[in-house]
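A short worksheet on the structure shown next.
The values are calculated or read from the model by the stated rules, or taken from the named source; none is laboratory data. Being a predicted model, the structure only gives us computed values, none of them experimental. Neighbour counts run over all protein chains shown; Cβ positions are idealised from the backbone, glycine included.
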């Protein structure tokens, strides 16, 4: 369980600058700058908890999907397939510059709902709803976390991993919302360029983990009775 939590936290923390680049404009558009510091912190906390809650739900769903492959004995193949799909998405978006029409449609629908609630943030609970919706925005880093959640082969572990992923993004997201534009645009742009490489490398790790090569920390021996074998080091 510790390895699962650590994996989620690491993906979230390392990808925080990417989150700031993708979700930063939404976060900065929340009307919190005129509030007193305690109300501002409460609003920012509700927003980020909402994001983490959505991630946990997605993690449970993909953990359930992964569990079905575990039950039929295809966990290794599933991990390899996940890594291949994530690599393909990175290639399409960042090299071939091909955008999925379905993902664009989801993005537009979520954005329209976000716009509706952003003008109604006079109620504190609406910050939580904005966070919930923000967690649904298509994002390469979230795909990577969902793939890792599916690889756990467990509803509980999948939800836990993705909730930890959400928590991992807290420090930088919280800072930029409370301190406004504390992180420069150039810094965010540079990290945004690096993130596809990080996602691709992690996808390669998923592929290696599914190959059962017996290499500690890279491709550990697969134990059919251990549902967390794909992402653990045992």
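When the test is whether a residue is closer than 21 Å to residue 154 by Cα, modelled with pLDDT of 75 or more and assigned to a helix (DSSP H, G or I), residue 80 passes it. When you check residue 126 against the structure, is it more than 13 Å from residue 11 (Cβ to Cβ), at pLDDT below 85 and not in a helix (DSSP H, G or I), yes or no? For residue 126, the condition - more than 13 Å from residue 11 (Cβ to Cβ), at pLDDT below 85 and not in a helix (DSSP H, G or I) - is not met.
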